[in-house]
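Contents: one structure, followed by commentary.
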Amino acid sequence: MQSFGRGLVLLPGQPVPSGWEGIATLTVREPNPEVLAVLHDHWLQRRPLVIELHIPIGELKRPEICEEEPYRLQPDFEFARERLHFLVWANNYDGTKGEPIWWHGRLAQRLGFTGEVDGGPRCNLPVAALHRESVESGSIRLSQPEASLDLELAPDQLEAVRHQGGAARVLAPAGSGKTRVLTQRLAYLLGCGFEKERVTALAYNRRAALEMRQRLPQAPVSTLHALGYALQRRDREVRVADEREVRAILARLVKPPPLLNQDPLQPYLEALQQVRLGLMDPEEVEESRDDVPGLTEAFPEYRQELRRRGLVDHDEQIYGALELLLRNPEARKQAQRSCTHLLVDEFQDLTPAFLLLVRLLCAPAYQVFGVGDDDQVIYGYAGATPDYLVNFNRYFHFSSAYILDTNYRCPAAIVDAAGHLLGRNKLRVVKQIRSVQAEGSLRLEMVPAAGCASVAVEQVEQFLRSHPATEVAVLARVNAVLMPVQLLLVQRGIPCSRSVDSNILQRTGIRSALAYLRLVLHPNRFASADLADALRRPSRMLKRELLEKASRCRSRDDLWKWGMQQEAWPASQIEEFVDDLRMLGKHLNKSLPAFFQALRQQTNFLQALDQLDRSGLGVSGSSHRDDLLALEQCAAVYTGPAADFVAWVEEMLDRPGDESGVRLSSVHRVKGQEWPCVVVYGVNGGLFPHRLSEDEEEERRILHVAITRARRHCLLLADQSNPSPMLAEMQPPPPPSPKKKKKKKRK
């Protein structure tokens, strides 16, 4: 009767049957958190419980529907009544009609099985047995309490892989064998007899999914986006829209403000991501930005147009799946059947929408195996937060916790420095990570800003003496600052990937700086576009018609003469502008780097760029100031005549990249990858932490991710006049000063 820890469900007023006396009784009137917690704990621990059910059985099993917009929900939303229905009947006898009935056993008998059927946590079977999940799938294959593994695992890895029952949080720091644990957990479940159609592993991207399939062929692996797309395709005919279609739809619905950067739709694409992946109200998103007017009205219209055309864009694969699961109980039930046991890779990268999707898929039992590292949360702009791992138990009740405490990738110097750096953060799980790598190094070089790119390339050349190009990477906080490194590598014939191409020359800051350069180089041959660009940055508060007329001037002298004919304010602004051009010309006569330095330090140009940057880092993680500083460093490595500088830069940037060469990348784009040799370029103030970031803890995590991409050697390269304050934080904290003994007062 009470084998496998089964309980009993009774109606109000029913007497407790013989044999059930003395067992704890729980009165259930509603699915409140306290009741759900007690039921979940008893189910998980296989402790029998007598349930006095005050909710009509028909009402309890009635499917739930949520018509709310997904962005109005929190990631911890759940269908509480459906969870209650599961916990009441998953592993309990039905005593509501008198003699207790074990319905799962009855169903098994119809399949020809006469033994015991278990309804508790399947990973916690005391003996080989038929499980309720198998019966529901029409199978009578016995599940085993244990399975053999093909690979040898370290003790901490093995403990996580053999997790028994319920949800599990596996903290997997850099180099700790995260993918091995995830794939072996998947193999372990299948080896225990779990039906393949009941298990799903979710990878963060296609590359990670492919790696998992390579390690475990035929594994049930998907990405979150692919799964969301598949769910919607079951419901209706749909295809993924290409970027051209997305932009065409959006362009008809919004009116970007004037004087926006060269891509007026990009802010709207970012804002749509905030709504759909960050689960933010479109009205709040619009109010928090100054570059997406009309977003609130455009959001539902945009989604309606996508649906009318049978399209989903990238984010709609997630958001549309949420909407489907919330409003279609049958689709939800079908999806949950295939995700009864859900394994989630890179858990730290989940946004609110991702987490809500994961919870809806693995409900009502929440048997999720989440693997990630709270110290590698670097996508805060998309809504990712360490909270989902730090407070994992809030989202997945009664979960177990495991920590993989060995870094097999990085040498001790890197592991220790990362530990000191991350130890400054407060929102994290405290952990002590050890390294098993005896060989390797972490070095710091501080050089003048103008020489940083040359030193980086010299270090790359040194690495290449003993390593192929595919084993070397140069990483930076943002792509733009790698431009001078890329130019030098290309010039020296060293194969490398491209961090940027010539399109960067059209970004507002660089385009305007080069406009100033051409005006100074050709004072008697002004180009209208250059003059218009330069007059706008910094803003001189000139009316549009005056700007248009000023832009028609073809020389510096003509501009000055025209300006002197205007009213007092325009005249003063034109005079100031011409004076700036003369001053910049004097510095250009000294050197090209002196010109850019003067533009940055002796005019208001940099302040104008900073004003453009105030909207934040955005998805790209770049800023106009970064662009200008990178351009200045490009000038420092250029040795030809100033008149040919722009053409040289453009030619070098347009050279095709070599993906089998040295990797150049921002840190964000290479998380999960590794190389024997890494240069972390530009570990400067203003970049680490980035001047536009409001989350210093995330900035530490970004630097931590950067240095832990190195398997053997890592060089940190910083501007000696402006090193990052985080460099000091990577050092061991000073020992506490000894306390002075207080002198005893004489009585």
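The values are calculated or read from the model by the stated rules, or taken from the named source; none is laboratory data. None of the values given here were measured: they were computed from a predicted structure. Cβ sites come from the backbone with ideal geometry, for glycine too, and all protein chains shown count toward neighbours. The protein model used for the area step is the full one, side chains on, heavy atoms only, and it has no ligands, DNA or RNA in it. Shrake-Rupley method; radii C 1.70, N 1.55, O 1.52, S 1.80 Å.
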Query - Sole exception among (1) of a type outside the set (Phe, Trp, Tyr); (2) open to solvent by less than 10 Å² (accessible area, probe 1.4 Å); (3) within 19 Å of Arg122 (Cα to Cα) for Glu197, by number - result: (2)
Requested in this report: Would you please list the contacts, defined by Cβ atoms under 7 Å and residues six or more apart or on different chains, that run from a residue in the stretch 232-254 that is basic (Lys, Arg) to a residue that is assigned to a loop (DSSP other than H, G, I, E, B) and modelled with pLDDT of 95 or more?
Outcome: Arg239/Gly310
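Here is a yes/no grid of residues against (1) open to solvent by 30 Å² or more (accessible area, probe 1.4 Å); (2) farther than 30 Å from Glu159 by Cα; (3) of a type in the set (Val, Ile, Thr):
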{"site": "Arg289", "(1), (2), (3)": "yes, yes, no"}
{"site": "Gly294", "(1), (2), (3)": "no, yes, no"}
{"site": "Val312", "(1), (2), (3)": "no, yes, yes"}
{"site": "Arg332", "(1), (2), (3)": "no, yes, no"}
Report task. State all residues of the stretch 637-680 that are under 15 Å from Val705 (Cβ atoms), part of a helix (DSSP H, G or I) and of a type outside the set (Val, Ile, Thr); if no residue qualifies, say none. Result -> His668, Arg669
Query raised in the report: In the stretch 564-613, which helices (runs of 4 or more DSSP H) lie fully inside it and hold 2 or more residues that are within 39 Å of the chain's Cα centre (by Cα) and farther than 30 Å from Gly640 by Cα?
Result: 605-613
Report task. Could you please find all residues in the stretch 703-747 being at pLDDT below 95 and either closer than 26 Å to Arg409 by Cβ or crowded, with 24+ Cβ neighbours inside 10 Å (or both)? Result -> Gln731, Pro732, Pro733
Query raised in the report: Being part of a strand (DSSP E or B), of a type outside the set (D, E, K, R), open to solvent by less than 10 Å² (accessible area, probe 1.4 Å) and on the phi < 0 side of the Ramachandran plot, is that true of even one residue in the stretch 451-461?
Result: no
Query raised in the report: Can you name the residue in the stretch 558-601 that is small (Gly, Ala, Ser) and touching a Gly at 6+ places or on another chain (Cβ under 9 Å) and is also farthest from Ser528 (Cα to Cα) among such residues?
Result: Ser572
Requested in this report: Output the qualifying pairs, or none if there are none: Cβ atoms under 6 angstrom, residues six or more apart or on different chains, first residue in the stretch 545-559 and in contact (Cβ under 8 Å) with a residue 60 or more places away in the chain, second residue of a type in the set (Val, Ile, Thr) and assigned to a helix (DSSP H, G or I).
Outcome: none
Query raised in the report: Residues of the stretch 666-702 being buried (at least 18 other Cβ atoms within 10 Å of the Cβ), under 20 Å from Arg207 (Cβ atoms) and among the charged types (D, E, K, R), which ones?
Result: Lys671
**Report entry** Residue tally, condition open to solvent by 30 Å² or more (accessible area, probe 1.4 Å) and either part of a helix (DSSP H, G or I) or free of Cβ contacts under 8 Å to residues at least 40 places away in the same chain (or both), over the stretch 33-54
**Finding:** 7
Query raised in the report: Cβ-Cβ below 7 Å, separation at least six or inter-chain, first residue in the stretch 5-16 and over 28 Å from Gly165 (Cβ atoms), second open to solvent by 10 Å² or more (accessible area, probe 1.4 Å): which pairs?
Result: Leu11/Thr96; Pro12/Glu52; Pro12/His54
**Report entry** Failed item, numbered, when Ala473 is tested on (1) in a helix (DSSP H, G or I); (2) within 29 Å of the chain's Cα centre (by Cα)
**Finding:** (1)
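Specify the residue that is least open to solvent (accessible area, probe 1.4 Å); the eligible residues are those in the stretch 160-194 that are of a type in the set (S, T, N, Q) and touching a residue at least 40 places away in the same chain (Cβ under 8 Å).
Ser176
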Query raised in the report: Has the stretch 662-671 got at least one residue that is over 24 Å from Ala469 (Cα atoms) and at pLDDT 95 or above?
Result: no
Query raised in the report: Consider Pro70 against the criteria (1) more than 23 Å from Pro126 (Cα to Cα); (2) in contact (Cβ under 8 Å) with a residue 60 or more places away in the chain; (3) more than 42 Å from the chain's Cα centre (by Cα): it satisfies all of them except one. Which criterion is unmet?
Result: (3)
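Considering each residue of the stretch 512-543, count those that are open to solvent by less than 60 Å² (accessible area, probe 1.4 Å), out of contact with any Cys (no Cβ under 8 Å at 6 or more places or on another chain), of a type outside the set (Gly, Ala, Ser) and not in a loop (DSSP other than H, G, I, E, B), and give that number. Please lay out each step first, then the result.
So in the stretch 512-543, the residues open to solvent by less than 60 Å² (accessible area, probe 1.4 Å) come out as 512-517, 519-523, 526-528, 530-535, 537-538, 540, 542.
If we keep only those that are out of contact with any Cys (no Cβ under 8 Å at 6 or more places or on another chain) as well, we get 512-517, 519-523, 527-528, 530, 532-535, 537-538, 540, 542.
The next check asks that each one be of a type outside the set (Gly, Ala, Ser); those that pass are 514, 516-517, 519-523, 530, 533, 535, 537-538, 540, 542.
Now narrow it down to the ones that are not in a loop (DSSP other than H, G, I, E, B): 514, 516-517, 519-521, 530, 533, 535.
Here the count works out to 9.
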Query - Members of the stretch 564-587 found to be closer than 23 Å to Leu521 by Cα and of a type outside the set (A, V, I, L, M), listed by number - result: Gln573, Glu575, Glu576, Phe577, Asp579, Asp580, Arg582, Gly585, Lys586, His587
Query - Selection status of Leu324, open to solvent by 20 Å² or more (accessible area, probe 1.4 Å), among the hydrophobic types (A, V, I, L, M, F, W, C) and either at pLDDT 95 or above or touching a Phe, Trp or Tyr at 6+ places or on another chain (Cβ under 6 Å) (or both) - result: yes
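Kindly provide the set of residues from the stretch 127-155 that are over 15 Å from Leu186 (Cβ atoms), open to solvent by 10 Å² or more (accessible area, probe 1.4 Å) and either aliphatic (A, V, I, L, M) or part of a strand (DSSP E or B) (or both), ordered by number.
Val127, Ala128, Val135, Ile140, Leu142, Ala154
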Query raised in the report: Can Ala417 be described as assigned to a helix (DSSP H, G or I), among the small types (Gly, Ala, Ser) and surrounded by fewer than 21 Cβ atoms within 10 Å (Cβ to Cβ)?
Result: no
Report task. Pick out the one residue from Gln573, Gln611, Gln607, Gln565 that is crowded, with 17+ Cβ neighbours inside 10 Å and not basic (Lys, Arg). Result -> Gln573
**Report entry** Residue satisfying condition, being closer than 30 Å to Val285 by Cα and surrounded by 17 or more Cβ atoms within 10 Å (Cβ to Cβ), within set His624, His587
**Finding:** His624
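Give Asp627, Asp695, Asp654, Asp610 a once-over and let me know the one that is more than 26 Å from Pro723 (Cβ to Cβ) and of a type outside the set (S, T, N, Q).
Asp654
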Query raised in the report: Can Gln304 be described as of a type outside the set (D, E, K, R), loosely packed, with under 14 Cβ neighbours inside 10 Å, within 23 Å of Leu356 (Cβ to Cβ) and at pLDDT 95 or above?
Result: yes
Report task. Hand me the list of helices (runs of 4 or more DSSP H) wholly inside the stretch 294-400 holding 3 or more residues that are closer than 16 Å to Ala201 by Cα, within 20 Å of the chain's Cα centre (by Cα) and not acidic (Asp, Glu). Result -> 352-362
Query - Members of the stretch 442-501 found to be charged (D, E, K, R) and more than 28 Å from Gly419 (Cα to Cα), listed by number - result: Glu458, Glu461, Arg465, Arg492, Arg498, Asp501
Query raised in the report: Being within 20 Å of Thr27 (Cβ to Cβ), in contact with a Gly (Cβ under 7 Å, 6 or more places away or on another chain), modelled with pLDDT of 95 or more and not in a helix (DSSP H, G or I), is that true of even one residue in the stretch 80-91?
Result: yes
